[in-house]
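Just so it is clear, none of the values below were taken in a lab; they were calculated from the coordinates. Since this is a predicted model, take the numbers as computed values, not measurements. Ideal geometry is used to build each Cβ from the backbone, glycine not excepted, and the neighbour counts take in all protein chains shown.
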Amino acid sequence: VSDIDQLISAQLDGELDEDGHRRLEEWLAADPEHRRRFLRQSIEHRALRERLLAQRATAPRQARARQRQPIAFRLATAAAVAAALAIAAIGGWRTWSRGEAPSAPPAPSPSAPTFIASVTAASDATVEGTAVGAGAAIGLGDRLTTGSEGRAVVRMPDGTLLTLAAGTTITLTGQGTLVQLGDGHLDAEVAPHPADRPLCFQTAEAWVVVVGTRLEIARAQSETVVGVTHGAVGVARDATGLGRVEVRAGQRVLATSTLPLTVKSAAEALGTTYAVGAGQSYATLDAVPDLGPGDVVEIHPGTYRTARSWKVAGTALRPVMIRGVGGEPPLIDGEGLDVSGVGAVPRALLQISGEHAVIAGLSFANARNHANAAAIRLLEAKSITVQDCRIARCDDGISCGDECDDLAIVDCDIGFCGTPEKDGYCHDVYIGGGFALVRGCDIHDALNGQALKSSCRRLEIVGNRIHGAEDGEISFIGAPGTAASDADVTMIGNLVASKPGRHGNSRRFIETDDEKGGGGGRGGTLHLIGNTFVAADPKVVFVATLGGMRVIAEGNIFSGSDQVALLGPGGITGRRNWLPPTATVPAGLGDRVPGDEPGFADADAGDYRLRSGSPCLGAGVEARYRDAAGRDRVAPTVGPGSPLGVAARQGPPAVGAFGPAP
Amino acid sequence: MRDDDQERFTRLWTQAQPAIAGYVGALAPDAHAADDLVQDIAVALLRKFPEYDPQRPFIAWAMGIAKMQLLTERRDRARAATRFRRETVESLAEAWQELLPEVDERRLALGDCLKRVTGRGRELLELRYQLALEPQEIAERLGLASGAVRVALARVRAALHECIERRLHGAGP
């Protein structure tokens, strides 16, 4: 090792004596390449420190023998420019603009560790990109991130607890006195802090100063919402404290880069509230204007004869709400109304375009143009949730086009849709677009088509009852993008049951085809996990794939027909499925659950739970699938709730969507 | 400062901060002192931001102020974060800006090369960087002479540097 290597090394360690320093400077002055060499090794020195510290953060906490001494008051990251002011100025929140100097930094705390917090619980969480679990330590400047299904609880030395919801990123800086929140949702139970050394939270839009309370902070799309459960906090747009407001228990405040901070009650909408109904501010839905961020339309009980188009412009933190209130869900009835879709006339009772909206607690009926009128139609819509709604006797129940994305249909009862004039072409749910989730619904008795038809690029169907359609239960069709290898459809924990004596196609059950053509077709994987499939007609083919989509079946019950699959080139593989002993079994499904009967509690009465002695009890396996974000995940053990919703099961995994009958 | 200026500053500073912190870290071996200095620089930049000419690259403007802050701090404090002379501070600032494009690549290469460090070399790095032990403390823990530890650290750093250079210039390993 050369003399200059030793000089550089000593400089990096802060151990260079006067003579060594003189020699190093002479060497640096001699040649630009020397300076570059020195700086490169300096880069490597810093990178070594960061990388090895990050690795240590993932090791068990007790393995750490010694912590380095901290300095008094330092902030590790860029956006913490003015943290000193905020931290030192509780009660005063000094400002540069007024020319006041920040208070002196607090004295060093020799016992304070470098690792300023520990993870007490975590799933799908990383520190600086490395997976962590309970017991991991978090260092100064470390970035803790939870995945799209993750969660983490962080305990700070003073007892403060930070709970990170899915999709949240925080960085702990300022010697443990500053928590920077990227996007996500953070619930904080802050232990009492000295008034001159509060805990601060920072987002791009907000500074929050806390001396001990419980609060939650959420950030998305350049908006921050701070809500307080106990105590009070100070919130300003930034560390200067200008325009500071106090937020007390039961209140919340919205911070954006443009709007003034306005404190509201937690129960109050962050936009405008429109009360609709007899005796309310708005007698009809037609009188309500288009809706902006945080706007809430509260529809009181009654029957509304209306069909309207609505533009909504919500945000992730301030979605638009259109909801029924006050008991019995209000009915939006299209009987006799024009829903032709011609010109400005909507083709639905509620035709929504825009993003971030929730439609909840409403009933719809009689959307009819004898072709394709829908109760709810989404046009160029994104991040829309339809929840807890009842839809009946429309041409289509819910429809949306291929330009939509991020649709959720949750806990809805949708049935008896269809029109004889378009027999085979009207469906309870007929959706396209990027991603959709259908969860906890009862979708049934489609009169002239299928219960669920979809050209969505990706689809997750979880814990539903799907049954009684006249022309097959489920169809996945092609559209631009659906031929991709990751255009997956995943069905977990559903009951799918056909009815006897259909007037439509008697063989159709779940099928994929290329109806829309145009180079579409379906690629990807149809992953069937823990479903109960019941055919009322032995002619039924449970799964028919006409294109390249491959099928994986794990832990399902296929009961009532021997025709398990009619396959395109994608083929089928799987394990631990119950199939009738007489079934024609595809080569990929050799690993079967034995038994002559699945052992339903009372199939005639529609009770598909498993009776004692069923071969399906305890015969299931843990299955993994690729979620909508492309990540490998363990499938939940769930089935349909009663009458709606999703029921989770505990205990040994059973094959099918239901556990044991009591 | 107006709200939009504040937002613009935050955005620019967020982009520039790693570069400034790297430069300061090279000149100030004490990581804590370096962090303090970066914070002081940030405050100085914020105060001077109304003077910033948006036609100029922010990083160059920020480097100029960082350099001044280093020199001021060196003059004003008894225990300065850096002992380098003005000429060295300035020449290193110039060299640093030349090196900025390669920082990320170098850090990535370090990750690969670090995997090849095993045995005593790895142990030394972990004691030095993970546990933040000084060379003297490492020597006590391992029962070695402190000089031997210093030489060994210099050796493993030099080896890592050579490995990184080889990777960046396509000569393996």
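Worth pointing out:
- Rounded FRET efficiency, nearest 0.05, which uses the C-beta distance separating residue A:273 from residue B:48 and R0 of 60 Å: 0.85
- Using the Karplus relation 6.51 cos²θ - 1.76 cosθ + 1.60 with θ = phi - 60°, the per-residue 3J(HN,Hα) values for the stretch A:345-357 come to 6, x, 9, 7, 6, 10, 10, 10, 10, x, 8, 6, 9 Hz, with x marking Gly and Pro.
- With R₀ fixed at 60 Å, the C-beta to C-beta distance from residue A:602 to residue A:123 puts the FRET efficiency at about 0.95.
- For the stretch A:448-544, a Kirkwood hydrodynamic radius built from all Cα pairs, placed in the Stokes-Einstein relation at 20 °C and 1.002 mPa s, yields a translational diffusion coefficient of 160 µm²/s.
- Cα gyration tensor category, rounded, prolate or oblate, for the stretch B:23-117 with a/c compared to 1.5: oblate
- Once the Cα-Cα distance is subtracted from the 0.36 nm per residue extended length, the residue A:484 to residue A:166 segment shows a gain of 111.7 nm.
- Alpha-carbon centroids, the stretch B:74-121 and the stretch B:35-73: separation in whole Å: 19
- Summed side-chain charge close to residue A:486 - residues other than residue A:486 whose Cβ falls under 13 Å, Lys, Arg +1, Asp, Glu -1: +3
- Nearest-ten-degree value, helix A:18-30 long axis tilted from longest Cα axis of chain A: 70
- With a 10 Å cut-off around each Cβ of A:7-15, the average count of Cβ atoms from other chains is 6.
- The count of lysine pairs in chain A whose Cα atoms are under 22 Å apart, excluding pairs fewer than 8 places apart on the same chain, comes to 10.
- Rg ratio (alpha-carbon, reference 2.2 N^0.38 Å) - chain B: 1.22
- The calculated Kirkwood hydrodynamic radius for the stretch B:25-65 is 11.1 Å, given to one decimal from all distinct C-alpha pairs.
- Rounded to whole Å, the principal axis extents of the Cα atoms in the stretch A:509-591 read 40, 25, 20, largest first.
- Angle between chain A longest axis and helix A:32-57 axis [Cα atoms, degrees, rounded to 10]: 60
- Under 15 Å from the residue A:370 label point (7 Å along Cα→beta-carbon), backbone N, the stretch A:314-357: A:336-341
- For the protein assembly as shown, the extents of the C-alpha atoms along the principal axes are 98, 65, 50 Å, listed from largest to smallest.
- Rh by Kirkwood over Cα pairs, then Stokes-Einstein D for the stretch A:341-431 at 1.567 mPa s and 4 °C, µm²/s: 101
- Extension gain for residue A:131-residue A:230 works out to 32.4 nm (0.36 nm per residue, less the C-alpha to C-alpha distance).
- Residue-count net charge about residue A:406 - beta-carbon cut-off 15 Å; Lys, Arg +1, Asp, Glu -1: -3
- Taking amide H as placed 1.01 Å from N in the peptide plane, the amide H of residue A:497 sits under 5 Å from that of A:466, A:467, A:468, A:534, each at least 5 places away or on another chain.
- Radius ratio Rg over Rh of the stretch A:252-317, counting only Cα atoms, Kirkwood formula for Rh: 1.03
- Given R0 = 56 Å, the distance between the Cβ atoms of residue A:290 and residue B:134 translates into a calculated FRET efficiency of 0.30.
- Cα-derived Rg to Rh of the stretch A:359-510, Kirkwood definition: 0.93
- C-alpha center-to-center spacing [the stretch A:250-298, the stretch A:598-662] in angstrom: 41
- In this rough spin-label picture, where each label sits 7 Å from Cα along the Cβ direction, the residue B:146-residue A:642 distance is 7.6 nm.
- q = 0.10, 0.16 Å⁻¹, the stretch A:230-376: log10 I(q)/I(0) [Debye, one scatterer per Cα]: -0.44, -0.87
- Structure-based [θ]222 nm, chain A - -39500 (n - 2.57) summed over DSSP H runs of at least 4, per residue, nearest 500: -2500 deg cm²/dmol
- Rg/Rg_globular for the stretch A:125-223, with Rg_globular taken as 2.2 N^0.38 Å and Rg from C-alpha atoms: 0.99
- For residue A:408, residues with placed amide H under 5 Å, excluding near neighbours: A:384, A:385, A:386, A:437
- Taking the centroid of alpha carbons for each part, the stretch A:317-354 and the stretch A:452-509 are 26 Å apart.
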